[in-house]
Amino acid sequence: MSGRVIVITSGKGGVGKTTTNANIGTALARAGKKVVMIDTDLGLRNLDLLLGLENRIVYTIVDVVEERCKLKQALVKDKKNPNLCLLAAAQTRDKSAVTEEQLKDICEKLKKDFDFILVDCPAGIEQGFQNAVAGASEAIVVTTPEMSAVRDADRIIGLLEAKEEIKSYKLLINRVRPNLIKSNDMMSVDDVVEILSADLIGIIPEDTGIITSTNKGEPIVNDEKSLAGKAYNNVARRIIGEDVPFLNLEEPQGVMAKIKKFFSGLTGKEK
Amino acid sequence: MILANLYNKVLGFFRQTEKEAEESSKDTARNRLRVVLMQDRTNLTPELMERMRKELVELLSKYVEMDKEALELNLEQDGDQVALMLSIPVIRAKDEDEIKAALEEEDKAKEDTEEISEESEDDEEESSENNDENLDDNEISDKTSENDLNSEEKTKKADEEIETAQKEDKDKNKDK
């Protein structure tokens, strides 16, 4: 087996890298793939929380690097899905505890046993980013339709293009708010794609369900009804190679829907 | 109460159509982002752009008489490439003698830089006075690109530039 190593990165913090990582990883595992996620955000680990695995961590990536345990011992199995594993970051160390070479080495070893190795990258463009990218050959750049996130994504794309090892990168636009786009108060997906001129792999709508799913430590892809969950599932299917159309995030446009909306607007104002 | 809301809704609808003439906040964001990304991608500060503009004016005025104030130099995005767009409203093509004189001056300048630079400044002032009456609607568009664009794209760009240059010229004529 020779797995694909995909780094999930963004430049700017808070755009949803870790959420994206947890959901794509879970979705891929649900599709029957063997998946391992590596949290490289040393000192600020969170991927374990989103997966609800925070109490199961015994060894971290730093323990592996410093040879306190074997690589396989440090892999934490997911509660629900035996196909899914996490290699957690150390919370008490900083980014210098692991080098680019060491991460590359870990990725190489994991490739033999897994279909997908998802690397969760820290925010910023410093050493933490360089480390996370070191072992990867593909990248997913997460951004939102906001100026600062798009600008930082542009910077990241520039850095990824300069890296020989990165064979391809795709854009994932997170926290899209269709009603704001409709009223011309938010850049549309097309605007962002045009500005960054990158291939799109996913459009994820803003969804309050993300907050509750984080609270519970359960990725939203497990919720069949959630629109964001559906969108993340589609991203995973596109990664596998399926041709999945993008979700239509616009509200239903039927006559009844319009009338309904009109009246709900009227009653809403009377409060 | 419902009637009042209905009235507001109808009014709001008309207001919205009026609003469309203004720039939406999304467009503002997009345009600001474009400009800032151009600068990020090229490392050209506004000061450097201004300097480049001045040097280009100096170079090109040897060959053509142009509206120096209206010369525009901008970075524009073309797919994933960045193009340097130069738009010059040409007032008058210089005749052979003038070009020859300008070139000779330049040759002299190589021998003695300080002396000649003063002379050529004087020349520029004189010629711009002469040509104010001589307004000709000739527009030439010039364009250089950092990257190799194919010729199709080049002509497309050039056409766009001519259009904008002509619009500018019309505006100026109105003012007069």
> In segment B:40-80, which residues are within 14 Å of chain A (Cβ to nearest Cβ), without any contact (Cβ under 8 Å) to a residue 24 or more places away in the chain and open to solvent by less than 80 Å² (accessible area, probe 1.4 Å)?
Replying inline: B:Asp40, B:Gly79
>> So the check is Cβ under 7 Å with 6+ separation or different chains; which pairs have a first residue in segment B:23-39 that's more than 7 Å from chain A (Cβ to nearest Cβ) and farther than 15 Å from A:Ser183 by Cβ and a second one that's among the charged types (D, E, K, R) and surrounded by 14 or more Cβ atoms within 10 Å (Cβ to Cβ)?
In response: none
>> Would you confirm whether or not segment A:132-151 contains a residue that is of a type in the set (Gly, Ala, Ser), part of a helix (DSSP H, G or I) and open to solvent by 40 Å² or more (accessible area, probe 1.4 Å)?
In response: yes
> Just checking, how many residues over segment B:81-93 are within 14 Å of another protein chain (Cβ to nearest Cβ) and charged (D, E, K, R)?
Replying inline: 0
>> I'd like the residue in segment A:139-153 that is within 12 Å of another protein chain (Cβ to nearest Cβ) and among the hydrophobic types (A, V, I, L, M, F, W, C) and, out of all such residues, is farthest from A:Lys163 (Cα to Cα).
In response: A:Met147
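Looking at segment A:196-215, can you tell me whether even one residue there is at the interface with chain B (Cβ under 9 Å from one of its Cβ atoms), open to solvent by less than 50 Å² (accessible area, probe 1.4 Å) and among the aliphatic types (A, V, I, L, M)? First the steps, then the outcome.
Just the residues of segment A:196-215 that are at the interface with chain B (Cβ under 9 Å from one of its Cβ atoms), to begin with: A:196-198.
Then keep just the ones that are open to solvent by less than 50 Å² (accessible area, probe 1.4 Å); that gives A:196-198.
Now narrow it down to the ones that are among the aliphatic types (A, V, I, L, M): A:196, A:198.
Checked against the condition, which is being at the interface with chain B (Cβ under 9 Å from one of its Cβ atoms), open to solvent by less than 50 Å² (accessible area, probe 1.4 Å) and among the aliphatic types (A, V, I, L, M), segment A:196-215 yields at least one hit.
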>> Conditions first: (1) part of a strand (DSSP E or B); (2) surrounded by 21 or more Cβ atoms within 10 Å (Cβ to Cβ). A:Lys170 passes all but one, so which condition is the exception?
In response: (2)
> If you scan segment A:221-238, which residues turn out to be open to solvent by less than 10 Å² (accessible area, probe 1.4 Å) and under 24 Å from A:Ala153 (Cα atoms)?
Replying inline: A:Ala228, A:Gly229, A:Ala231, A:Tyr232, A:Val235, A:Ala236
> What number goes with the only condition from (1) modelled with pLDDT of 95 or more; (2) farther than 24 Å from A:Asp78 by Cα; (3) away from every other protein chain (no Cβ under 14 Å) that A:Pro219 does not pass?
Replying inline: (2)
> Out of segment A:173-185, which residues are touching a helix residue (DSSP H, G or I) at 6+ places or on another chain (Cβ under 9 Å) and farther than 22 Å from A:Thr19 by Cα?
Replying inline: A:Leu180, A:Ile181, A:Ser183, A:Asn184, A:Asp185
> Can you pull out the helices (runs of 4 or more DSSP H) entirely within segment A:13-118 that have at least 1 residues that are open to solvent by 60 Å² or more (accessible area, probe 1.4 Å)?
Replying inline: A:17-30, A:47-51, A:71-74, A:100-111
> From the list A:Ser188, A:Ser226, which residue is among the polar types (S, T, N, Q) and away from chain B (no Cβ under 14 Å)?
Replying inline: A:Ser226
> Counting only residues that are part of a loop (DSSP other than H, G, I, E, B) and closer than 17 Å to A:Leu53 by Cα, which one in segment A:176-222 is nearest to the chain's Cα centre (by Cα)?
Replying inline: A:Pro219
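The values are calculated or read from the model by the stated rules, or taken from the named source; none is laboratory data. Worth saying up front: this structure is predicted, and the values here are computed from it rather than measured. Virtual Cβ from ideal backbone geometry, glycine too; neighbours counted across all protein chains shown. Only protein heavy atoms, including side chains, enter the accessible area calculation; ligands, DNA and RNA are left aside. Shrake-Rupley method; radii C 1.70, N 1.55, O 1.52, S 1.80 Å.
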